1. Indicate the helices, whole DSSP H runs only, in the chain that combine a mean Kyte-Doolittle hydropathy of -1.0 or more with a Cα extent along their long axis of 15 angstrom or more.
2. With a point put 7 Å past each Cα toward its Cβ, work out how far SER123 is from GLU27 in nm, to one decimal.
3. Considering all alpha-carbon pairs of the chain, what whole percent are spaced by more than 20 angstrom?
4. Rounded to the nearest 0.05, what FRET efficiency do GLU79 and HIS53 give with R0 = 35 Å and r taken as the Cβ-Cβ distance? Could you check?
5. Which of these, GLY111, GLY55, GLY20, has the largest mean-square fluctuation under a Gaussian network model of the chain (Cα springs below 10 Å)?
6. How much length is gained if the chain between PHE38 and SER99 is pulled fully straight, taking 0.36 nm per residue apart and subtracting their Cα-Cα distance, in nm to one decimal?
Amino acid sequence: MAEKTLIIVKPDGVQRHFVGEIISRFEKKGFKLIAAKFMQISEELARKHYAVHEGKPFFEGVVKYISSSPSMVMVWEAEGVIDMARKMMGATFGYDAESGTIRGDFSCSKGYNLIHGSDSPESADFEIPIYFTGEDIVEYDLADEKWLYGKND
Ligand code: UDP
Ligand code: MG
């Protein structure tokens, strides 16, 4: 099984109509969507998700932000998906994210940043079960897998 990452279109991404755009970028890149849930993240889940940032000055703010309105929570799969998705997201805030990235193209906020993506395999293993059970994850073959992930040998 290939690497998995937790991707969340955060409340500002949903409110600003970027769910389709963000899904489209990952689809076109060739990642495989294996789970999705449209939900309002509870404060309890938000605290669990961002537990690594507990005690930092922005912790209460990010918990409030991500639980303030619905989010699109997804798991995407591909070999190397974690780093690739992080590159596609760009730096944490849009005001200094590179153009061509999701945050760089669609945000100039220093507080809201449209999207979450796991930053390591350990983070993905911790974050995915916060939102999904094993049964929610759908394993299947993509018809064009050979062309997407193949090597020329
Ligand atoms: N965050 C914030 N202020 C900061 C740093 C982070 O509000 O100074 C929020 C922001 O929503 C960010 C999240 O906390 O996406 C997690 O921070 P992290 O440094 O892990 O950034 P990311 O991995 O999302 O780029
Ligand atoms: Mg992070």
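Rule-based calculations on the coordinates, nothing more; no lab input. Nothing here was measured: the structure is a model prediction, and the numbers come from that model. Backbone-built Cβ (ideal geometry, glycine too); neighbour counts: all protein chains shown.
1. Those that pass (Cα extent of 15 Å or more, hydropathy at least -1.0) are 19-29, 121-131.
2. 2.6 nm
3. Working: 5634 of 11628 pairs.
That fraction is 48 percent.
4. Efficiency for this residue pair is about 0.80.
5. Fluctuation is largest for GLY55.
6. 19.2 nm
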